[in-house]
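Chemist: Before I ask anything, let me first share the structure, which is written out below as structure tokens.
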Amino acid sequence: MADFALHQDAEVLRLITTEENDEQEALFAAARRQREIYYRKDVYFRGLVEFTNYCKNDCYYCGIRRSNSRITRYRLSLTEILHSCQVGARLGFKTFVLQGGEDPWFTDQRVVEMVAAIRAAYPDHAITLSIGERSQESYKAFFQAGANRYLLRHETANDAHYRKLHPETMSLAERKRCLFTLKDMGYQVGAGFMVGTPFQTPENLVEDLRFLQALEPHMVGIGPFIPQADTPFGTYPGGTLALTLRMVALTRLLLPRALIPATTALGTIAPQGRELGLMAGANVVMPNLSPKEVRKLYALYDNKICTGDEAAECRFCMEGRMRNFGFTPNMSRGDPPDVEARRRV
Ligand code: SAH
């Protein structure tokens, strides 16, 4: 950190845009040092269950947007969801991430039923929801049913840019409100953004980092934008590996205790994208636990990796990849350091 004056926007902007190899390497090395203070070489494993690809929203970048009539829609039953968790638990996962589109079939009551059933079967596991924007009352009901964490990327912290990525019915103010509400309520919260979305400027990325500093989320998801052919942004260029890695490193330096996944999107744009993400300061991976039959249908973007594997293959493939790069897989819940300390007393 001492090497970089990151309180200055100009310095952050310079590092976002640098193409100097030495400087990038110094940035990644600083990020690794920072991450090792709290997390050593540990990489936390989270089991991801993509339980519905129905969505009422129409985000211009996303393959499961409402207007995409070219995908087959699916929705897992509660039995299938519980089965995916069971497979995960047997593989040693202590965290389940339930992600989906904003599917109106999943009313509050049904989400509560799902969370409560997972909680009853796994009293000590962390349950993470990632199902978009809901009311304060809904978030409260999910929390009371046993959810501990919530992932809701802010996508971009710049209002004008947000409006270029989403239809008018959606607003950045509302998304931010959800994030602060979730945090106040006691959830461990994950925000985050895509790198290289259409119309994004380096200044926008500075704003993303400053927003994260203000929110202080426990987790930050960062991945490259990848075009999906059946969306309005299907022909736009995707985000680059180098810029995504620089954003991961800067996020690590500004939020040293954050849990930062090396995302599937990063692994999709480069064969060792996730490993490089870890080398740039990330410390979480999210192997897929969804039933093999539906993997391909959760197509947020094109060419998504790991869609042909069984859960166990993903779990062990990832472990091998991590070890090859000198990292230590950690199958514990992976709470953030301050929460961890409180859980021990
Ligand atoms: N409906 C939930 C989950 C959305 S999917 C929600 O609103 O939070 C999870 C994430 O995938 C999104 O937050 C977005 O950042 C990312 N995503 C969507 N389309 C993408 C694309 N084309 N390329 C890369 N990431 C994408």
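Chemist: Karplus couplings for region 52-67 from phi (6.51 cos²θ - 1.76 cosθ + 1.60, θ = phi - 60°), rounded to Hz, Gly and Pro as x?
Modeler: Whole-Hz 3J(HN,Hα) from phi for region 52-67: 7, 10, 6, 8, 8, 8, 9, 3, 5, 8, 9, x, 9, 4, 3, 6.
Chemist: For region 40-133, which chymotrypsin sites (Phe, Trp or Tyr not before Pro) are in a loop by DSSP, counting at most 14 other Cβ atoms within 10 Å?
Modeler: 105
Chemist: List the GluC sites (Glu not before Pro) within region 11-53 that fall in a DSSP loop (any state other than H, G, I, E or B) and whose Cβ has at most 11 other Cβ atoms within 10 Å.
Modeler: Here the GluC sites (Glu not before Pro) that fit, given the DSSP loop and packing criteria, are 19, 20.
Chemist: Could you tell me the number of lysine pairs in the chain with C-alpha atoms less than 19 Å from each other, where the two lysines are 8 or more residues apart or belong to different chains?
Modeler: Numbers: 41/94; 56/164; 140/176; 140/183; 164/176; 292/304; 296/304.
So the count of such lysine pairs works out to 7.
Chemist: A follow-up question, please. Pairs of alpha-carbon atoms within less than 8 angstrom and 6+ residues apart define the contacts here; what relative contact order does region 9-344 have, in percent?
Modeler: 25 percent.
Chemist: Sticking with this one: Using helices alone, what [θ] at 222 nm do you get for the chain, with -39,500 (n - 2.57) per DSSP H run of 4 or more residues, divided over all residues and rounded to the nearest 500?
Modeler: Calculated from helices alone, the mean residue ellipticity at 222 nm is -13500 deg cm²/dmol.
Chemist: Separate question: Express as a percent, rounded to the nearest 5, the fraction of DSSP beta bridges in region 139-234 (both residues included) that run antiparallel. Walk me through the numbers on the way to the answer.
Modeler: On the way: 0 of 10 bridges.
Here the antiparallel bridges make up roughly 0 percent for region 139-234.
Chemist: Pop out the carbon and sulfur fraction of the accessible area of the chain as a percent, whole number, probe 1.4 Å.
Modeler: 51 percent
Chemist: How large is the accessible surface per residue of the chain, computed with a 1.4 Å probe and reported in Å² as a whole number? Before the final figure, lay out the partial values.
Modeler: Details: 14230 Å² over 345 residues.
I get 41 Å² per residue for this part.
Chemist: For the chain, how big is the tail of P(r) above 28 Å, as a whole percent of Cα pairs? Working shown, then result.
Modeler: Details: 22167 of 59340 pairs.
Tail fraction, whole percent: 37.
Chemist: Farthest toward the dipole's positive end in the chain, which of 263, 242, 30, given Cβ charges of +1 (Lys, Arg) and -1 (Asp, Glu) about the Cα centre?
Modeler: 263
Chemist: If I stretch the segment between residue 214 and residue 328 completely, what's the gain in nm (0.36 nm per residue apart, minus their alpha carbon distance), one decimal? Write down the numbers at each step before the final one.
Modeler: Details: separation 114, 0.36 × 114 = 41.04 nm, distance 3.08 nm.
My answer for the length gained is 38.0 nm.
Chemist: Please identify every one of the trypsin sites (Lys or Arg not before Pro) in region 46-142 that sits in a loop by DSSP and has no more than 15 other beta carbons within 10 Å of its own beta carbon. Let's see the in-between values first.
Modeler: Values: sites: 46, 56, 65, 66, 70, 73, 75, 90, 94, 110, 119, 134, 140; in loops: 46, 56, 65, 66, 70, 73, 94, 134.
Filter output for region 46-142: 56, 66, 70, 73.
Chemist: Given Cβ point charges of +1 (Lys, Arg) and -1 (Asp, Glu) and nothing else, what value in debye, to the nearest 20, does the dipole of the chain about its Cα centre take?
Modeler: 920 debye
Chemist: Calculate, axis by axis, the spread of Cα positions in region 1-70 along the three principal axes, and write the results as whole Å, longest axis first.
Modeler: 50, 31, 23
Chemist: How many angstrom lie between the C-alpha centres of region 214-262 and region 111-152?
Modeler: 25 Å
Chemist: Another question, then. If you restrict to DSSP beta bridges whose two residues both lie in the chain, what percentage is antiparallel, to the nearest 5?
Modeler: The answer is about 5 percent antiparallel.
Chemist: Follow-up question, since we're still on this one. Quick one: check the C-alpha center-to-center distance for region 155-202 versus region 76-103, whole angstrom.
Modeler: Value for the Cα centre distance between the two parts: 26 Å.
Chemist: Further question: Go through 39, 144, 121 and say which Cα lies farthest out towards the positive end of the charge dipole of the chain; charges sit on Cβ, +1 for Lys and Arg, -1 for Asp and Glu.
Modeler: 121
The values are calculated or read from the model by the stated rules, or taken from the named source; none is laboratory data. All of these numbers come straight from a predicted model, not from anything done at the bench. Ideal geometry is used to build each Cβ from the backbone, glycine not excepted, and the neighbour counts take in all protein chains shown. The area values use the complete protein model at the heavy-atom level, side chains included, leaving out ligands, DNA and RNA. Shrake-Rupley method; radii C 1.70, N 1.55, O 1.52, S 1.80 Å.
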